[in-house]
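Asker: Attaching a single structure in structure tokens format; questions to follow.
What follows is calculated from the coordinates using simple rules that are stated; it is not laboratory data. What you are looking at is a predicted structure, and each value in this text was computed from that prediction instead of being measured.
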Amino acid sequence: MYEEGQKPGDIISESQIERRLQILKPYTNWVRSFSTTEGNELIPKLAKHHGLKTLAGAWLGNEKEKNEKELENLIQLCRDGFVDIAAVGNEVLYRNDLSLEELLEQIRYFKSMVPDITVGYVDAYYEFSRHPELVDVCDVVLTNYYPFWEGTHFNNSLGHLNYMHQQTLNAANGKKIIITETGWPSQGENTKEAAPGTINALKYFINAQTWAIKNGIEMFYFSSFDESWKVGAEGEVGAYWGLWDKNEKLKYT
């Protein structure tokens with residue numbers, strides 16, 4: 001949701017959420033949010049107003065008080081009927097912000113507070129193979145697939161995407177899998193053999209969507225809009241994952 005000049009920690013306004021939901025609404029039935037503070041808590045409420053379903057997340061890090069506030073707000077959003085699927089944490093293990101046991105404790109606590117909501121945890125596909133306890137505690141497996149970040153040549157990207165999904169299927173023990181992120185950047189630096197570019201990004205979107213539809217897989221695509229702030233965290237390529245650019249113009253026409 002971050003506009004040009006914004007970054008995590010800044011307050012997101014209701015007006016910018018409204019404007020961007022109006023852009024997305026013709027193209028999707030669902031939106032995913034990553035946090036429940038700093039204005040992000042408005043996203044599920046406004047999305048519901050527009051008739052969209054929501055996968056709403058609590059952002060968990062290494063600060064106890066912030067984690068408590070995120071969970072408290074997500075619990076309230078669920079109780080108020082604004083959440084269809086709740087994600088307790090996003091790539092917490094990937095970032096090493098919490099131990100596995102600390103994360104499991106947070107998920108169990110959340111489930112005890114809102115037992116009627118479908119609950120999952122978002123991370124890279126291999127974390128569910130490494131930690132079967134995560135699968136056990138979740139109602140649904142929420143997983144990220146990025147052939148680009150694993151340095152895969154574009155020509156092999158669809159095969160790699162399918163490989164990641166097969167790995168997750170093996171770990172999921174029959175539980176439903178939802179792809180919470182996949183995508184390809186339109187410009188920036190290479191990652192090994194993975195090359196960004198407008199054509200590669202457009203083709204990956206089409207290939208991933210076609211593959212998901214053919215196989216009956218539900219998928220959130222990353223991302224809606226380019227975000228300049230991500231340059232610092234991921235290099236130049238981090239700013240160019242959107243289907244719309246930073247000025248909210250559709251890249252592919």
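Asker: So what is the relative contact order for the stretch 145-253, in percent, with contacts set as C-alpha pairs under 8 Å and at least six apart?
Answerer: Values: 169 pairs, mean separation 27.9, N = 109.
That works out to 26 percent.
Asker: Could you tell me the largest-minus-smallest coordinate of the C-alpha atoms of the chain on each of the three principal axes, in descending order and whole angstroms?
Answerer: Largest first, the chain extends 46, 43, 33 Å along its Cα principal axes.
Asker: Then there's this: Helix-only estimate, please: 222 nm mean residue ellipticity of the chain, summing -39500 (n - 2.57) across DSSP H runs of length 4 or more and dividing by its residues, to the nearest 500.
Answerer: Numbers: 10 runs with 103 residues, N = 253.
Counting only the DSSP helices, I get -12000 deg cm²/dmol.
Asker: With an 8 Å Cα cut-off and a minimum separation of 6 or more residues, compute the relative contact order for the stretch 28-118 in percent.
Answerer: Details: 141 pairs, mean separation 24.6, N = 91.
RCO, the stretch 28-118: 27 percent.
Asker: Could you work out the pair-distance distribution P(r) of the stretch 112-215 from its alpha-carbon pairs, with 10 angstrom bin width and percents rounded to whole numbers?
Answerer: 15, 42, 29, 12, 2
Asker: Please check: in the Gaussian network model of the chain (C-alpha springs, under 10 Å), which one of N144, N190, N173 has the largest mean-square fluctuation.
Answerer: N173
Asker: Normalising by the residue count of the chain, find the relative contact order in percent from Cα pairs under 8 Å and 6+ residues apart.
Answerer: Details: 457 pairs, mean separation 34.0, N = 253.
Relative contact order for the chain comes out at 13 percent.
Asker: Pull up all non-local amide H partners of T36: gap of 5 or more, or a different chain, and H-to-H distance under 5 Å with H placed in the peptide plane.
Answerer: W59
Asker: Hey, what do the phi angles of the stretch 144-155 turn into as Karplus ³J(HN,Hα) couplings, whole Hz, using 6.51/-1.76/1.60 and θ = phi - 60°, x for Gly and Pro?
Answerer: 9, 10, 9, x, 4, 5, 9, x, 7, 4, 3, 4
Asker: Which one of S35, S157, S15 has the biggest mean-square fluctuation once the chain is modelled by GNM with Cα springs under 10 Å?
Answerer: In this elastic network of the chain, the residue with the biggest mean-square fluctuation among S35, S157, S15 is S15.
Asker: Just S112, S33, S13 to compare: in a GNM of the chain, with alpha carbon springs under 10 Å, which one fluctuates most?
Answerer: S112
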